[in-house]
Structure formats: structure tokens, C-alpha cells
1. For residues that are exposed (fewer than 13 other Cβ atoms within 10 Å of the Cβ) and either in a helix (DSSP H, G or I) or of a type in the set (Ser, Thr, Tyr) (or both), scanning just the range B:206-218, find the one that is nearest to the chain's Cα centre (by Cα).
2. Restricting to the range A:183-195, and then to whatever is farther than 16 Å from A:Leu108 by Cβ and part of a helix (DSSP H, G or I), can you tell me which residue is nearest to the other protein chains (Cβ to nearest Cβ)?
3. I need the full set of residues from the range A:123-137 which are crowded, with 18+ Cβ neighbours inside 10 Å and not hydroxyl-bearing (Ser, Thr, Tyr), in order please.
4. Within the range B:90-204, considering only helices (runs of 4 or more DSSP H) that don't extend past its boundaries, which have at least 2 residues that are within 30 Å of B:Gly79 (Cβ to Cβ), of a type outside the set (Asp, Glu) and modelled with pLDDT of 90 or more?
5. Provide a single number: the residues in the range B:48-60 that are in contact with a strand residue (DSSP E or B) (Cβ under 6 Å, 6 or more places away or on another chain) and at pLDDT 80 or above.
6. Sort out which residues of the range A:47-67 are within 11 Å of another protein chain (Cβ to nearest Cβ) and in contact (Cβ under 8 Å) with a residue 24 or more places away in the chain, and write them in order of number.
7. Among the residues of the range B:105-156, which ones are of a type in the set (Ser, Thr, Tyr), more than 7 Å from chain A (Cβ to nearest Cβ) and free of Cβ contacts under 8 Å to residues at least 40 places away in the same chain?
Amino acid sequence: MRTATTGRPRQRRRWGWENWVIGAGIALLLLYCLAPFYWMVVSSLKGPGEIASNSLWPRDPTLVNYRGVLGGRDHFGYAVRNSVVIAVTTTLLAMVIAVFSGYALARLRFRGRNLVLALILACSMFPGVAIVTPLYQLFADWGWIDEYQAMIVPNISFALPLAIFVLTTFFREMPWELEEAARVDGCGPFGAFGRIILPLAAPGVVTTGLLVFFAAWNEYLISSVVSITLASNPVTVAIAKFAGDSEFQQPFGSQMAAGVIVTLPLVVLVLLFQRRIVKGLSAGGFR
Amino acid sequence: MGRPAAATRPGRRRGRFEHWFYLSPALVVLAALLVYPLYQLVLVSLYDYRQAQVSGAQPLRFIGFDNYATLLGDPRFWGVLGNTVVFAAACVVGTLLVGGALAVLATRLRPWVRTVLFLTALGAWATPAVTGSAVWLFLFDPTLGLVNQVLVGVGLEGFAGHSWTYEKWSAFGLVGAEVIWCSFPFVMVTLYAGITSIPEEVVEAARLDGASTLRIAHSIMLPMLRPVLAIVTIQSIIWDFKIFTQIYIMTGGGGISGQNMVLNVYGYQQAFAASQYGLGSAIGVITSLLLLAITLVYLRALRRNGEVL
């Protein structure tokens, strides 16, 4: 009896101590995760007179930064439009191509299948910097400089290896007997795939599509070289540009407002598809 | 006569080349936009190829491995390689520590707290590198930054106007903090999935046998997580070896007199700022070879883990 009563408080105290450490750890890490976000949003709402003051919330919230970014000489609206066109086109094309490959790699048995998958996956490791020079020359020859396709096509090739890998993982778990059955019942090969497998695989396809979209939206290196003017600059290049035109003060207010505009759609997508993204992340590996 | 009979058995006897039909679009794109440029890269790295050759003022001259010899004999190259390795290693370790700690924490949290944690982490992951870099630069700005003002506020007067990007390793540290900030979520999410897939009974049985928490972590969790850990580690190595955007933006193209150059930024600067296309390409080739070696290890780890390969 005595051991039981003395054991209990001790156990409770140990839990308390553990909880304190965990709590402090979480607080620190949440600060690390959240502070940059929070500061970006808060600073974007501060006017030019207040940006230098480090009050933790805007005393006099104003949209002047947003108005300046979207309407002023930065023409950020164009950049948003360019990025939407580039990222959406990249996602659609890459997903069509990747679905075909994922199907072949998950469903069909053929010699050298693992080798093909390994080679495709190995393509994802090449540093963009290594191919940016040859790509620039290639696109210059084709007259593609400052055109959307000069960013869309490399984005597709960067996204494909991991998209194919993640989709293959998803497709492996599909009930392929159903497809077989549909074929026996007279569906063509595309009909069987489209009507039976694709709806079942929709979560995986959506997840992969989101990861491709994120990667395309965030791409900077290739765009910084092949996109010259406002007509084709995506958001990443545009932000880096007005980070660079330094007068005496860095244009932090407009930078932060632009950051919010660029990050907001992604955060909304993350909120909507949290579970699926988690699944896709642990299945493949995107960043 | 045999052929129509085969055609009446749909789905069984499929064309011998059907898979190539499905794979061809991807293979064509990858060949045209990754393999061909890489071939070009290797080719250019064997030439004396500079601004004069681009404009046609001087003829293209094949110089074999001279570009490589120049690089390997240049102490600057070795310095940049050292920077790359140290910086990548620090980022990998930091990412694994933060991601691993949070993954373990996540298993012990109430569901709603865990959801909040995952959402904030995914938010950091989704933030474009350009935006993340801008925010972190602003936070650590010498005069307007929140960090310095807070430090001065708590009595550390020395931080008034302190520049975090002036000193080499301080600049690397700042970039590293941003890199870890946007890359730990991947590690956390993957390890969390790995931990939760460990059967509860195994841990419970060990606990009933009197194993301590530490012992369980060391003798049961760690061995079962080893394959996942291997993949996460190698993926992080590949990524952190390739960091470009954050360094390029946060240190203004490689830091004061190039002190914060890593291989990627160095190659980019040689090609686009110095117009040394041959030399820049040689740097690209060397980086690719190093990454190829890491990738081979990665593929082996995947295979051992019984993934789709």
C-alpha cells in the first residue's frame, strides 16, 4: 500500500517535469516556425513610418504596401499572373505525363523496370545550376528567352522524376483486378484506366499535383536566367528584383506584402489538403 | 489465325512494347531537358569557352581537361568545396535534429495540438525560398531587424547595428537557420509516419519486460526506423548540397568577396557573372558527380527499404 501511494505522486511529478520540457521545446520550435510568418504578415500591414518600429502588431494597419506592390512601379500583378500561368500549365502537363509513366511502372511487368525507375529517380538529383547554362543557350537558339515555355518545360523536367516516383508508389496499391475485370467487360484500355483506376487514385494524383504546383510556384534559379522582362517574370524573380533595387533603405514593406501575396495561396492549399500532403511527402520527398 | 484469338483475351497478352508507349513522353522530356543539357555541359567543360568565343571574336578551342586542372589547382575551389560540405552537413544535422525531435513530440501530443504543429510546419515548408529568405533577412537586419532590437532591449548593447551577414560563419548560420526552417517539415512528417507505423504491441511488450524508455528508443525504435532514417538523411544531403536560392539571395550572390560561395553559386557566378562558361561547366560536372555518388547510396537504401524499386 505504502509503495503504491508514494509511487503515485513521484510518477505524477515526473510527468510534470517531462511536460515542462516538452512544453518549452514546443514553444521554442513554434516560435521558430511561426515568428517569420507572423512578422511577414504584421510588417506588411505597417505603413512606411511604422515599419522601423518593432511593435508586435500594427498600430495603424494600412494596405499601402499592398497597393504599392500591386499598383505601383513594381507591377507585381503581372508577376502573379505569370506565375499562375506557368505553375498551372506545368502541373497539368507534368501530371498527364507522370500518370502514364506511373501506370507503366506500377502495373506492367517488363524487363528492366526497376532500372528505368532508378534512372528516372536519379534524374532528380542533378543540380539545376549544372544545366542552366546549356539550357540558356538552347533556349536562346530557339528564341524562347523571356517566353513562358522557357520556364514551363524545365519545370516539368524537374518535377517529373519525383512525381513519377510518388505516383508509382500510389498506383502500386490500386486494385488492378478491377481494371482487368472492366477490360473483360469490354472497356478499352483507356476506358478501363480512366473509369476504374483514376477515380480510385484521385487522392494520390491530387497530392502529387499539389507537390508539383508548389515546386513550380517556388522555382527561382532557371527563371532568374531565362526570364528578363516584366512580361514573363514569375513572382520569385520579381520579389528578388525589388529586393535588389536598393536605395538607401531596403523596401521591406513591399517585400513583406509581396511575400504574403505569394505565400497565401500555398498556405490555403496546405490548410485544405493537409492530410494528403503529409501522405505525399512521406511517400516521395519533395521540397 | 492465332492473332485474333490473342486479341479476344484482353488484358492478358499485352504488346511487348506497351510499356515504352506509356513511358515515352516522360523519357523524351527527361532526355531532352536533363540528359542533353548534361551532355552539353560535359562538352563545354572541355573547351576554352568565354565571352570572346560566344561573340565569335576567338575560335573555340578544345583544351581537354585543362579546366578541371585549373580548378583542382585553385585553392579557392577547395575552399568553396569545403564551405559546401560543412554548410550542407550542418544543415542536414540541424534538419534531422529539429525534425526528429518534433516527430517524437508529435506522437505524444493531443490530436489538435499535433494538427496545429503540422500546419505551422507545412506552412514553413510551403513558403517560397525567395520569400523565406526575404523575411529572415528582414528579421536579422542590422538596424530595422526585430532580433537586434530585442537583443539590445534585453541589455546586449553590442548588437545595436550588428550585421549578421558580415562575418562568414555568422552569414552561413543565418542562411542555415532559414534552410532548416523550410526543410525540417519533410523530415518531421516522414519520421512521424515511420514512428506511428511501429506496432504498439512491440513497444508494449518491451515495456512489460521492464525496458526503460531510453532502452526502448535505442533497441526497438531506432532499428525499426533505420531504413526511413537512411532515406531522409540522404535526401537531405542531396538537397542541402544543392542549396542555391537562399545563399544567392541572403548573402547577395555569395557573400562579401565570395566568402559564402558554395559549389552551386560558384558555378553560376563563373558562368553568368564572369562569362567563364568552360570553367563554370567543369564546376557543374564535378557537383553532378558528387551528387551522383550520393544518389547511388540513396538508391541502395531505397532498395533495402523494400520501396517500389
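The values are calculated or read from the model by the stated rules, or taken from the named source; none is laboratory data. Everything numeric here is computed off the predicted structure, so don't read it as measured data. All Cβ positions, glycine included, derive from the backbone under ideal geometry; neighbour counts span all protein chains shown.
1. Restricting to residues being exposed (fewer than 13 other Cβ atoms within 10 Å of the Cβ) and either in a helix (DSSP H, G or I) or of a type in the set (Ser, Thr, Tyr) (or both), the top hit is B:His218.
2. Applying the filter and picking the extreme gives A:Val184.
3. The answer is A:Cys123, A:Met125, A:Phe126, A:Pro127, A:Gly128, A:Val129, A:Ala130, A:Ile131, A:Val132, A:Pro134, A:Leu135.
4. Per the criteria, B:129-139, B:168-196.
5. So the first thing to find is which residues in the range B:48-60 are in contact with a strand residue (DSSP E or B) (Cβ under 6 Å, 6 or more places away or on another chain), and the list is B:48, B:60.
Within this subset, residues satisfying the condition of being at pLDDT 80 or above are B:48.
So the answer is 1.
6. Of everything in the range A:47-67, just one residue is within 11 Å of another protein chain (Cβ to nearest Cβ) and in contact (Cβ under 8 Å) with a residue 24 or more places away in the chain, namely A:Ile51.
7. Here is the first cut: in the range B:105-156, the residues of a type in the set (Ser, Thr, Tyr) are B:107, B:115, B:120, B:127, B:131, B:133, B:143.
Next, from what is left, pick out any that are more than 7 Å from chain A (Cβ to nearest Cβ): B:107, B:115, B:133, B:143.
Passing the criteria: B:Thr115, B:Thr143.
The rows are residues; the columns are (1) within 9 Å of another protein chain (Cβ to nearest Cβ); (2) closer than 20 Å to A:Asn114 by Cα.
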residue	(1), (2)
B:Gly252	yes, no
B:Asn260	no, no
B:Ala274	no, no
B:Ile294	yes, yes
B:Leu302	yes, yes
